[in-house]
Amino acid sequence: MEYVIHLSIVSGIVAILGMSLNLIVGYTGLLSVAHAAFYGIGAYVTAILLAGFGVNFFLALLLGMALAAAVALLIGLVLSRFDDDYYVLASLGLNIIIYSVFLNWNTLTRGPLGIPGISRPELGIGGYRFGLTSNFSFLVLTLLCAVLVYLAARFITRSSFGRVLMAIREDEQALQVFGYRTVYYKLAIFVIGAVMAAVAGALFASYITFIDPTSFMLRESIFMLSVIILGGLANTNGAVAGAVILVVLPELLRFVGLPSNIAAQMRLLLYGLALVLLMIYRPQGLFGKYRL
Amino acid sequence: MDLFVQLTINGVIAGAIYALIALGFALIFGVTKFFNLAHGAVAVVGGYAAFFFLEHAGLGVLPAAALAVCVAGMVGFALHKTVFLPLRRRQATNLVLLIAALGLLTVIQALIAMFFGSQFHPLSQFAGAQEVYRIAGGAITLVQLIIIISALAVFGLLTLFLKKTKFGKAVKAIGDDEEVAQIVGINTHAIIGYVFFIGSAIAGLGGVLVGFDTGIEPTMGLSLLLKGIIAAIVGGVGSLSGAVLGAFLLGLAENLGIWHISGEWKDAIAFGILIFFLIWRPRGILPR
Amino acid sequence: MNAKEIVWIIIAIVVIGGGWLLLRDTTPADTSPIKIGFIGPLTGDAASIGENARAAVEIAVEEVNAAGGINGRPLEVIYEDGQCNGAVASNAANKLINIDRVPVILGGACSGETSAFAGAAEQSRTVTLSYCSSAPAISQAGDYIFRDYPSDTFQGAFAAKYMTETLGTQNVAILYAKSDWGNGIKDVFRREFEEMGGNVVAEEGYEQTSRDLRSQLTKIKAANPEAVYFLGYTEASIPGLKQAKELGLNVPLFGGDAWDDSKIWTDTGPAGDEAMYSIVYAPLNEEFRIKMKDRVGTNEITICSPQAYDGVKVLSQVMEKVGTDSEAIKNELYNTIYAGGVSGDRIEFDENGDLVGANYIVKKAMNGVAEPVQ
Amino acid sequence: MEENILEIKRLTKHFGGVHAVQNLSVVFARGAITGIIGPNGSGKTTLVNLLTGMLPMDGGVIVSDGATLRRMRAHEARFYGITRTFQNIRLFEQMTVLDNLLVVLTERRVFASLFERHGAYHLKKAEALLRQVGLWEKHNELALHLSYGQRKLLEIARAIGTDARVFLFDEPFAGLFPEMREIVKRQLEALREQGAAVLLIEHNTELIRQLSDYVVVLDSGKLLAEGKPESVLRRRDVLEAYLGE
């Protein structure tokens, strides 16, 4: 049962990442592979404040979201000049640069040593304090966050704003002629997505109680991208489904009983193969409403 | 002064390696216009094929290297035939191709790790002791000289070949406009297939030479490739001379850059250059 | 296949798989194998360390079982990939803890792996014996967390002392891998070395995936050190040592225990001559080397493989005595002394679960082999 | 209020060495359809792109309601009441027909668009527009699933939905069946009734003769002739420019 709770927490965190990235990639058509950077910013701010200064989790979470928003604004400004392949490449470069900062700014992030001893969230009402130390209570918090993000994503995509995002994806230049300053929309959704990713980062840091830069590498961004490509672009439900599938399926593979020397590589192999086959046979993913 | 000379030499060596990757990448990009991320995997295939021929088939250094280059070329050709061509036939967008290529990169690296293990293998032990030459106070080994010469020779031969032959003209025509090229009777699919072979073979050569200079491992593909792509973009996308220029520029900037910045920022420097160029000079130094 | 079918198939797989996970029998019979978990990077950038350690564990398990197992029950190891990544290692540990219900996890390798699941292990009272995590912070990770790999504190201090007192060097440069291990030892070394009056003339890091260290070495050479403290793993050290020689950096190179891998010295050949490194004293390990070579095909023994091997031996000794209850194992580990390991002649744990008093010696490479220095 | 909504003076655009539009000065009148004809490559579409800011102009000015603009950016076109259709149809393909229309009706400000307050009004208006071109039955289809003619109609409806005062139609009749032509014609004439300035790029001289009040002939980016359709379309140089292509 604990294992199921664990997987649910991880799925919830990945689902938040998937839903937020889907706003950027699936709805707005900006193929960003920099999402792990914001995930990392959320995680690091939370970790540093919790482990170093004993700040309350929820305050740390808010600060993490704020910093992610600020960085996303800068990065979004840079990225707003590119499209298609160049967007991918530029976002990839920015992810690597931010990863380098996590890795090399030792005085702040402790570099490769990582930050241990991050505490679980604590709810304090008056003199009564309640720590979310059990995995079950943490699952409730994670699901609460995931549901909030889900509702936010649904609200955004069903609003006029969301319609503009899709139109940007389809034909940005034509949309401009109809009076939209598309660059602001792109920036806005990029920042919104980054803030949501920061929530996931804060949850991750607090759940695992330890973070180091390896969790925020380019590889993670590519994983998040696979989540929504598999689940389906421009579909919030699809992003959730993709997250659950990509978290649970590899875990199931642990039970297949392959010889240990190929089991691990087999997982990578299947993952790569899935990407190729999806692109060939179903480029919109399982539940996608948008074909790349 | 010595420091400067040596850092410059280091930069040129790194640049030559990047150039070999960037040349093949730019050649393929020139006709297909998509970012072939599987290009990095092809370089790994080249390195491991050489390792296989040296270690298990007992071949000499030159035949093993030559065969490895061919294997890399054939793998590139096969990827084109089985994945990229069908996708391009149905007008898949660049992003679809890019993600498929990413999947291929993952698959190939996993396969190599399954068959050869994840260890690091230097190939230099098959080539015997290394001669070290001194140039203006800086040091360079024979392998490194060969890398620089190969990069320049491949660039020269490739340019000449594309300029002088009918094949080269067809490649240029496809690069300008694939549909028009098809209309005037060029068998574009066949030509693109050959381009994949040539480009991948060059990357394979890069992989082999990296193996002799430092060593090979299954995961080296992505970092090699990313440097190659940066070089190709900084130089001017799709242009061969641009790719070479960009590669040497990148190599020099990385290695001279850490003169004053600590070495662990090397990757950040490389990608910083990429972002800088993308913003202020997106067509590169020598646009096609 | 249309979308709906695919969806249904996947839902079916997830439901069936999940149900099977929940419902299957997890109580082992008494003659059944004793299962313990293993976590290490079997894929990804650090895969060579994890694969090599797995080979060492397999050898140890075979030896234990050949000698009759643990009280007649064979030992079985469930290998899980941690990818040197906190999130992945945490998934792996949760599976081992909650599904396989292992009493002991041998792992993880990277400090990032161990730190990421230490909380879960502590909470579920699962004994964790890391064979590779060196980060000083792991000492405080919990009662159930042990390691038979020394904390960085010891090695950095030893190297500082050796380089000032025995080698008599005052001005050294540091070249280190940007990993928990490299960075951790570097920090301790630098502090201790400067406290002893030494002077660090240059400090250069490199990303773990980097194989071209020429420019870092060029800068180091220009700083004119009397010696270089070079903390690298096998993959970067082989080219790094060669590149140092090519560049004419003819000062003593001093490395960490990761250099106790004969692959480095056979592959670098003469370029490795005169290089030195510190390593925990271990009396006999020829047999282990031969067995490793039989298994992995090369003479490679990466950092931590000896500790992984010893870890299995220590655990079997403990389980032989107190059975498979994890609390009993934990209590016994604090009291146990294991002698004659391949990673050290005496393995025992202090009250933090750290290896006690690592006894370092220095080895020097010559003609492709590393031999202890008198 | 001035008679001329839009005027261009000495407008110039070149691509490399090629002059796509050269020193072009034209006046577009209120309540009139101005036909623009000329051989392929004569700069017709470039002119539309310049007027909507999709290309930056290299010289000259655009005068909108008497205000002189040296620069027009794409998102500003709507502010000056200019809208367009595209020769090669640029719909928002993977969006529904209804969304294609709604997107040009709704709130332009970023944050206000998140909290749209006039949704019901926009929906009614979109429905009316779609009914006008006979596409309401298709409103839930993706734009890419429409037939060629329906796509053209949707683009025209989208342009009309913007409430612009200057409409630039780039070959709206090309490839349409007669019944659809009639729908388009009705739309154009209705716009003229309402006092808009309509620019009509069209190859079919018969249509130009029927519809336009004024004709501008371009050749190699330069003004070749202008005037009433009857007189312009009779001129020899105009005919030669056409026959020469």
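The values are calculated or read from the model by the stated rules, or taken from the named source; none is laboratory data. Note that the coordinates shown come from a computational prediction; the quantities given were computed from them, not determined experimentally. Neighbour counts run over all protein chains shown; Cβ positions are idealised from the backbone, glycine included. Note: areas computed on protein heavy atoms with side chains; ligands, DNA, RNA excluded. Shrake-Rupley method; radii C 1.70, N 1.55, O 1.52, S 1.80 Å.
So the values come out like this:
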item	result
GluC sites (Glu not before Pro) within region C:167-246, DSSP loop, no more than 14 other Cβ atoms inside 10 Å	none
Rounded Å value of the spacing that divides the Cα centres of region D:198-245 and region D:125-141	34
Region B:3-218, relative contact order in percent, only Cα pairs under 8 angstrom and at least six apart counted	44
Net charge contributed by nearby residues that have their C-beta within less than 14 Å of residue B:263 (K/R +1, D/E -1)	0
Antiparallel content of DSSP bridges confined to the protein assembly as shown, in %, to 5	50
Fraction of alpha-carbon pairs over 35 Å apart in chain C - percent	27
Simple label model, 7 Å out from Cα along Cβ direction - residue A:154 to residue C:331, nm	5.3
Distance in nm between pseudo-label sites at residue B:167 and residue A:262 (7 Å out along the Cβ direction from Cα)	3.7
Computed FRET value (nearest 0.05) for residue C:32 with residue C:161, which takes r as the C-beta separation and R₀ as 51 Å	0.55
For the protein assembly as shown, convex hull volume per residue from C-alpha positions, Å³	189
Pairwise centroid distance, computed over Cα atoms, of region B:143-189 with region C:226-301, Å	45
Fraction of accessible area attributable to carbon and sulfur, region A:201-281 (%, probe 1.4 Å)	74
Projected-area average for region D:1-105 over all orientations - Cα convex hull basis, square nanometres	8.0
Mean residue ellipticity (222 nm) of the protein assembly as shown, computed from DSSP H runs ≥ 4 via -39,500 (n - 2.57), nearest 500	-18000 deg cm²/dmol
For residues of D:183-190, the mean tally of beta carbons on other chains within 10 Å	0
Projected label distance in nm at residue B:152 and residue D:230, using a 7 Å step from Cα toward the beta-carbon	7.8
Label-zone membership for region C:352-374, site residue C:196, 7 angstrom Cα→C-beta point, backbone N under 20 Å	C:357-365, C:372-374
Candidates B:122, B:86, B:218, ranked by Gaussian network fluctuation over chain B, Cα under 10 Å, top entry	B:86
For region C:194-342, the fraction of alpha-carbon pairs in successive 10 Å shells from zero, as %	10, 32, 26, 20, 11, 3
Peptide-level mean, for C:36-46, of C-beta atoms on other protein chains within 10 Å	4
Set C:161/C:221; C:186/C:364; A:289/D:138; B:33/D:222; D:44/D:124 screened for pairs whose C-alpha atoms are more than 26 Å apart	B:33/D:222; D:44/D:124
Accessible surface, per residue, of the protein assembly as shown when the full set of protein chains is kept, probe 1.4 Å, Å²	36
Accessible area that becomes buried as C packs against A, both chains, 1.4 Å probe, Å², nearest 100	3700
Square roots of five times the Cα gyration tensor eigenvalues for chain D, Å	30, 21, 16
Residues residue D:18 and residue D:179, FRET efficiency given R0 of 51 Å [Cβ-Cβ distance, rounded to 0.05]	0.80
Value of Rg to Rh for region B:3-218 (Rh from inverse mean 1/r over Cα pairs, i.e. Kirkwood)	1.01
Between A and D, accessible area buried - total, square angstrom, nearest 100, 1.4 angstrom probe	2600
Candidate lysines for bridging to residue C:35, where Cα separation is under 29 Å - those fewer than 8 sequence places away on the same chain excluded	C:95, C:291, C:293, C:313, C:321, C:330
Value in Å of the Kirkwood radius, where region B:1-118 supplies the Cα pairs that are averaged	16.0
For chain C: relative contact order, % (alpha-carbon pairs under 8 angstrom, 6 or more apart)	17
Sulfur and carbon atoms: percent of accessible area, region B:125-238 [1.4 Å]	68
Most to least packed among A:211-218, A:31-38 [average Cβ atoms within 10 Å]	A:31-38, A:211-218
Total formal charge among the other residues, if their Cβ is under 12 angstrom from that of residue C:143, Lys/Arg +1 and Asp/Glu -1	-1
Over region A:1-148 - Rg/Rh using Cα atoms and the Kirkwood inverse-distance radius	1.00
Centroid-to-centroid separation of region A:216-292 and region A:35-88 [C-alpha atoms, Å]	25
For chain A, projected area of the alpha-carbon convex hull averaged over all directions, nm²	16.3
Per-residue average of Cβ from other chains inside 10 Å of D:96-107	4
Solvent-accessible area buried by pairing A with B, both sides, nearest 100 square angstrom, 1.4 angstrom probe	3300
For region A:79-233: relative contact order, % (alpha-carbon pairs under 8 angstrom, 6 or more apart)	35
Within-13-Å neighbourhood charge of residue B:99 [Cβ basis; K, R +1; D, E -1]	0
